[in-house]
Amino acid sequence: MAFSLEELRSLLRSSSLAERDNLLWANMFFNTLSQKRLGKGEGMEINLEAPVVVKQEIFIRSSPSLVWAILADIKSWHKWLYDVGKIELKKPLEVGSRFRWSTLSLAMISTIQDLVPNQRIAWTSKGSGMRSAQTWVLTPKEEGTLVVSEQSMQGLLVRLFKDRTKDAVEQAMTAWLNNLKRQAEGSKGKMDYRQLDQS
């Protein structure tokens, strides 16, 4: 059962750093389950209390269906995303599906938590001393699609290297969005997130 905001704050004040991460993660997870069970259709939310929270958006001159087809083809991410290894996804893409992959040289196990074709997709991830949640929302606009992505990261390593982690996540998300735009609009090549500061 998810905690109320006051209950969560009280628990966090009396908890260690490791316990806080677990409480925040569990609360986000149960909130997501509650939304699905109640049929609210609001989608998964990232953990806004996490030490690293990043939100970015980009406008793509392509239809939501085309953008979705590229984004939801998880097994092909490595073909257009820099520093993403081949992905192991054994089941059809649906809520509850798990996939193994690597990004930013981190080995990850991710679980799809929300999925509405042509509209949104979200997953949670664990690996290398951290936990992450990421959402993608596609909104149709005149002449294209607005793509908004949000990501939260937490864990001991994230707390120890908070600024460095946030910089890396921001750069990677910028590259991811721009590479998605290039794919959907028919451009070639991959943007290397490590070259962003030089551009």
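Taken together, the values in this text are just the output of simple stated rules run on the coordinates, not laboratory data. This one's a predicted model, so the numbers in the text were calculated from it and none came from an experiment. Here Cβ is always computed from backbone atoms with ideal geometry, including for glycine, and neighbour counts include all displayed protein chains.
Please compute the modelled spin-label separation between V116 and F161, points set 7 Å along Cα→Cβ, answer in nm with one decimal.
Taking the simple label geometry, F161 and V116 are separated by 3.7 nm.
Which three extents, in angstrom, do the Cα atoms of segment 47-117 have along their principal axes, listed largest first?
Principal extents (largest minus smallest coordinate, Cα): 32, 32, 26 Å.
What residues from segment 141-182 fall in the zone where the backbone N is under 20 Å from a label point 7 Å along the Cα-to-C-beta line of S65?
Only 141-147, 181 pass the distance filter.
Using only Cα atoms, what is the ratio of the radius of gyration of segment 122-175 to 2.2 N^0.38 Å?
Output field value: 1.36.
Quick one: length gained pulling V95 to E57 fully straight, 0.36 nm per residue minus the C-alpha distance?
11.3 nm
Across 10 Å bins from the origin, how do the percents of Cα pairs in segment 46-198 run, short distances first?
Taking all Cα pairs of segment 46-198, the binned fractions are 11, 42, 39, 8, 0 percent.
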